[in-house]
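First comes the structure, then the notes that go with it.
The values are calculated or read from the model by the stated rules, or taken from the named source; none is laboratory data. Keep in mind that this is a model prediction, so the values were computed, not measured. Glycine gets a Cβ as well: all are built from the backbone with ideal geometry, and neighbour counts include every protein chain shown. Accessible surface areas use protein heavy atoms only, side chains included; no ligands, DNA or RNA. Shrake-Rupley method; radii C 1.70, N 1.55, O 1.52, S 1.80 Å.
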Number of protein chains: 2
Amino acid sequence: MSVIVQKYGGSSVGTIEKIKKVAQSVIKKHEAGNSMVVVVSAMGDTTDELIALAKQVTDNPDRRELDALLSTGEMISSSLLAMALKAMGHDAISYSAYQIGIKTSGQYGKSLIDDIDGTKIRERLQEGKIVIVAGFQGINDEGDITTLGRGGSDTTAVAIAVKLNGSCEIYTDVDGIYSVDPRKYSAAKKLKEIDYEEMLELASLGAQVMHSRSIELGQKYSIPIYVGLSNSDIEGTVIREVKNMNMESKPVTGLATSDEDVAITVQNISNDINVLSNLFEDVASKRINIDMISQTAPVNGTVNISFTIPKDDLKECLDIVSLYSEGKNIIIDEDITKFSIVGIGMKTTSGVAAKMFKLFSRNDILVKMITTSEIRITCAIRQEDKLKAINIMASEFEL
Amino acid sequence: MSVIVQKYGGSSVGTIEKIKKVAQSVIKKHEAGNSMVVVVSAMGDTTDELIALAKQVTDNPDRRELDALLSTGEMISSSLLAMALKAMGHDAISYSAYQIGIKTSGQYGKSLIDDIDGTKIRERLQEGKIVIVAGFQGINDEGDITTLGRGGSDTTAVAIAVKLNGSCEIYTDVDGIYSVDPRKYSAAKKLKEIDYEEMLELASLGAQVMHSRSIELGQKYSIPIYVGLSNSDIEGTVIREVKNMNMESKPVTGLATSDEDVAITVQNISNDINVLSNLFEDVASKRINIDMISQTAPVNGTVNISFTIPKDDLKECLDIVSLYSEGKNIIIDEDITKFSIVGIGMKTTSGVAAKMFKLFSRNDILVKMITTSEIRITCAIRQEDKLKAINIMASEFEL
């Protein structure tokens, strides 16, 4: 039994007409002899509409209740898809998270999938049924509904593929993974394949095609993930382990930018490793992702420390930081674009960073902060320099 | 711990503003020292909108999937009400059916509540929380979501009141139970109280204020049910056992009409009790409610048999009937108004039926079929005679 787990994003199921088209695509692969599991997101803007409804109740809706509310969006689209399949004469059944034991832990709105009880899905597949699963949600130990965060349906799909040892196909409104966001750089090239690590870096850096945890999960269990356009024959991109790096490979595979972060600088904070680590621990305990960190050399036992966090978490983060700043100056810089280049080739090619900095300098692009990993270099630059930087780097590294 | 189980209908939670008003009403009784459980229907026309969405997929949506779809309406309103209460500083928690083990059996769309696991609700009430429950739904033995039929949230509320030994309050868009539908007879009188049996007859006869099974359940466990207008001081009606019938009591308490039925007549069917009982069993097995039955005297071993069923079930019913009619004539009469008068007083007052028939005859109102119970007389009349009949009977019996 060859199992295919497909995921269709919100725009792919945005109308009843589109749901019927998805049903036809599913039927095609089912009739070709595959066992089909289909994970769906909420229709179109449903999630945003539900959030807007909650915001009418209160500016700061209770997180447990918000998750319960948002989970209905995927329940609606999954039952409609099952109806469409049955109406087309194909036996199908929809499940929400609690019905197939999608167990989660962690905070509301950002939960992690711990496990999925594959029994029911396997039984239905054995019976020849097409199984539809409401994405984006799970049930925690208290029996509460939790959601997985924006794009979480990707992770639902990969987790089910892992559990059933199937292959995974993510259908969305883009026709694959590009070296650079084509909306920002029209000459961008589509990749036939990309390594998990590269995709992970790109996803976490603002290339919002995929939910990061879905890629981590795919990597951990070696499940190749196909990403492509729904209802189309255009070939997409496969995310997999790219083993055969040949000599000619380019050092840089992709480029990503993000304007979603803000930089916080705390001046003259005590250069005590305990103070700093406590600060970062407290921020992390709220599941606020600190990304870039830089620190000046100590003067009189104090340092200036800067870091970036998602804009949405600014208020919550400042509440914590103010406990540590002892009334000292906190500077907030919202004019931040995180500009990153990513490539497994960087592991074996030296001088990429030097070339990047030289190009920035030569073109009067101010670099505010820098972080690097083995396969990535990220610079915080001014937002006004973003498009110029994309053009320079994409052309230099042939993206 | 005095437990009050309130139920708010769809029009009472139709907008966020109305949900906030409901929250205030709930808080008032909570602050007065009561433990509060609140059952909510879907907001306004949500259920109809979801049905319309399903009908866009297919004319005949799969029943299991339709139930899964419809159940989301109550999940949305219950989480929004819990959010509103929390935002007002009162601890609240919403539950959908599976979270508190509302067990159901029977067909999709018309399921019955078998049991509710009261443990979680009791624990939350002990903690001082206000518990919000999504009405109208339950989980069957297969773990599927099932719905209880139109108005099913009433039954959810009474069932929880039974389980917690609490009192029950049904808030809706009418300010109580009237002897006659005030939209059809403006002089109709509001009742201070009404017996379960009378209410049951009225509810099953088209007075759509309440879900019939909720009244049966209240009667079985002697739970008085208050019915009134939400967010209002106008006194409503209590449904309870009315023991002290005094000599002066009127024989007829209420009057109800319904245009929702259709009469089927099968001509020259074999007068074999097995054939007839098999026919009615087969129809009942599809949970189609046969109401009025009449049969002509046998001629040559065959009879004509007529019965009424809900219009919605006509197609399904005809499929069954045709198996028994042996090609003989089936006559369908859609011009049916079921006209009923109800009153516990009929048990002790004779001549009510005779007076009714005399009035029909004197006013040229054709009576097509008749059925009676101990406390009810129902006649099938032409729809065009409905308003005339209401005026004559309501005035005669002082309703």
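Could you please let me know if A:VAL5 is touching a Cys at 6+ places or on another chain (Cβ under 6 Å) and away from every other protein chain (no Cβ under 13 Å)?
For A:VAL5, the condition - touching a Cys at 6+ places or on another chain (Cβ under 6 Å) and away from every other protein chain (no Cβ under 13 Å) - is met.
Just checking, does the range A:310-322 include any residue being part of a strand (DSSP E or B) and open to solvent by 20 Å² or more (accessible area, probe 1.4 Å)?
Checked the range A:310-322: at least one residue is part of a strand (DSSP E or B) and open to solvent by 20 Å² or more (accessible area, probe 1.4 Å).
Would you mind finding the one in B:ASN363, B:ASN391 that is more than 23 Å from the chain's Cα centre (by Cα) and surrounded by fewer than 14 Cβ atoms within 10 Å (Cβ to Cβ)?
Exactly one of B:ASN363, B:ASN391 is more than 23 Å from the chain's Cα centre (by Cα) and surrounded by fewer than 14 Cβ atoms within 10 Å (Cβ to Cβ), namely B:ASN363.
On the basis of being under 30 Å from A:ILE19 (Cα atoms), surrounded by 15 or more Cβ atoms within 10 Å (Cβ to Cβ) and at pLDDT 85 or above, does A:ILE234 make the cut?
It is false that A:ILE234 is under 30 Å from A:ILE19 (Cα atoms), surrounded by 15 or more Cβ atoms within 10 Å (Cβ to Cβ) and at pLDDT 85 or above.
Can you confirm whether B:ASP154 is away from every other protein chain (no Cβ under 14 Å) and touching a helix residue (DSSP H, G or I) at 6+ places or on another chain (Cβ under 6 Å)?
In short, yes.
Here is a check on your reading of the model: is A:LEU53 of a type in the set (A, V, I, L, M), more than 7 Å from chain B (Cβ to nearest Cβ), out of contact with any Pro (no Cβ under 7 Å at 6 or more places or on another chain) and part of a helix (DSSP H, G or I)?
Spelling it out, it is not the case that A:LEU53 is of a type in the set (A, V, I, L, M), more than 7 Å from chain B (Cβ to nearest Cβ), out of contact with any Pro (no Cβ under 7 Å at 6 or more places or on another chain) and part of a helix (DSSP H, G or I).
Restricting to the range B:367-388, name every residue that is surrounded by fewer than 13 Cβ atoms within 10 Å (Cβ to Cβ) and either free of Cβ contacts under 8 Å to residues at least 60 places away in the same chain or β-branched (Val, Ile, Thr) (or both).
Within the range B:367-388, B:GLU374, B:GLU384 qualify.
Among the residues that make up the range A:36-47, is at least one of them under 25 Å from A:ASP173 (Cβ atoms), open to solvent by 50 Å² or more (accessible area, probe 1.4 Å) and either of a type outside the set (A, V, I, L, M) or more than 11 Å from every other protein chain (Cβ to nearest Cβ) (or both)?
yes
Go through (1) open to solvent by less than 10 Å² (accessible area, probe 1.4 Å); (2) at pLDDT below 90; (3) not in a loop (DSSP other than H, G, I, E, B) and name the single condition A:ALA203 misses.
(1)
Take the residues in the range A:128-140 that are away from chain B (no Cβ under 13 Å) and part of a loop (DSSP other than H, G, I, E, B); name whichever of them is surrounded by the most Cβ atoms within 10 Å (Cβ to Cβ).
The selected residue is A:GLY135.
In the range B:97-113, is there at least one residue being in contact with a helix residue (DSSP H, G or I) (Cβ under 6 Å, 6 or more places away or on another chain), open to solvent by less than 20 Å² (accessible area, probe 1.4 Å) and under 17 Å from B:SER25 (Cβ atoms)?
There is no residue in the range B:97-113 that is in contact with a helix residue (DSSP H, G or I) (Cβ under 6 Å, 6 or more places away or on another chain), open to solvent by less than 20 Å² (accessible area, probe 1.4 Å) and under 17 Å from B:SER25 (Cβ atoms).
Could we say that B:SER11 is surrounded by fewer than 17 Cβ atoms within 10 Å (Cβ to Cβ) and at pLDDT below 95 here?
no
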